[in-house]
Amino acid sequence: MNAIFFITATVAIISSVMAITNRNAIHSLLYLIISLLSVSVIFYILGAPLIAALEVIVYAGAIMVLFIFVVMMLNIGMEEETEKGWLTPKMWIVPSILAAILLGIFICVLQVFHADKTGPDIIGPKEVGVSLFTTYLIAVEIAGVLLLAGIVGAYHLGRQQKKVIHRFLVKTGSDKKDVT
Amino acid sequence: MVTISMDIQILFAGLLFLTGLVGFLVRRNIIFMLMSIEIMLNSAALVFVIAGSHWMQADGQVMFIFILTVSAAEVSVGLALILQMYHHYKTLDADALGNLRDEKVNEN
């Protein structure tokens, strides 16, 4: 278990460093996904299976997809890139190695946990849910309000604003055009 | 399960936070800055879960769920702001927003 922790921590640090030093936004996002997956493995071996699943589903699944959508909408990262460059080994060899390490750890963790499934120090989803909806109920409601504000804000900001030009400005603009 | 001392786990979370902080300070592309903020939030959440597993309490995981919520709301609004910035200024450089006054409108 300790070896798994150290290997996964190394993978997380390396992929985070690669994520912040890469020039291509899409590659950087893929490194960031590897980093989140390795942190998720660490959550799992720390005895928090619900949090590990949430990390994969929400962080690596939803938030990173949002990032990738925006990067693709803005059309950055494709500037001096051709498909020929993507097929060179140095593009995909490092993420492949990191992901293969994570896959090996995943299989290893599954084997170990199959042996002794009922560890006493696992905090399951039941305790978390009970604590979430009794002690922290007011915080859950506040988080709901925060998400609502996030939805409204993202909708308002993401709208394409129609250009409204005042009619006087339009007139002067057209006059200027006529003069020139 | 894990018999590593808590110090090393916290040290790992600190290294992750440091990585995000350095990325936030070094990069000027605003998408990379947002990604560095994600790394920092993730490492902060990791500290909560480490502490929760150390004292065998569910509170750490509850705090992780709240951090997840905050992070999701922050990312959605931040990405919408980035889209607006790109539409107005045609750049993603964070230093391009140094002016309080909008020069483009004055030119038109």
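The values are calculated or read from the model by the stated rules, or taken from the named source; none is laboratory data. Every value quoted in this text rests on a predicted model; they were computed, and no experiment measured them. Quick reminder, even Gly has a Cβ in these numbers, built from the backbone with ideal geometry, and neighbours come from all protein chains shown. With ligands, DNA and RNA removed, areas are computed over all heavy atoms of the protein, side chains included. Shrake-Rupley method; radii C 1.70, N 1.55, O 1.52, S 1.80 Å.
How high is the relative contact order of segment A:21-71, given as a whole-number percent (alpha carbon pairs under 8 Å, six or more residues apart)? List each step's numbers first, then the result.
Details: 29 pairs, mean separation 20.3, N = 51.
Value for segment A:21-71: 40 percent.
Using θ = phi - 60° and the Karplus relation 6.51 cos²θ - 1.76 cosθ + 1.60, list the HN-Hα couplings for segment B:88-100 in order, rounded to whole Hz, with x at every Gly or Pro.
For segment B:88-100, the Karplus-derived couplings read 7, 10, 6, 8, 10, 6, 5, 6, 6, 9, x, 8, 7 Hz, x marking Gly and Pro.
With θ taken as phi - 60° and the coefficients 6.51, -1.76 and 1.60, list the Karplus ³J(HN,Hα) couplings across segment B:47-60 in order, rounded to whole Hz; mark glycine and proline as x.
4, 4, 5, 4, 5, x, 7, 6, 9, 6, 10, 7, 5, x
Run the paramagnetic zone check for residue A:69: 7 angstrom along Cα to Cβ, then residues of segment B:41-83 with backbone nitrogen under 12 Å.
B:76-77, B:79-80
What are the ³J(HN,Hα) couplings of segment A:4-20, residue after residue, when phi is run through the Karplus curve with 6.51, -1.76, 1.60 and θ = phi - 60°? Round to Hz, x for glycine and proline.
Result, rounded to whole Hz: 4, 4, 5, 4, 5, 5, 5, 4, 5, 5, 4, 5, 5, 5, 5, 5, 8.
Using only protein heavy atoms and a 1.4 angstrom probe, determine the accessible area buried between B and A, summed over both sides, in Å² to the nearest 100.
Values: alone 8040 and 13860 Å², together 16580 Å².
That pair of chains buries around 5300 Å² in total.
What is the distance, in nm, between label points placed 7 Å from the Cα along the Cα-to-Cβ direction at residue B:6 and at residue A:21?
Going from the residue B:6 label point to the residue A:21 one covers 3.3 nm.
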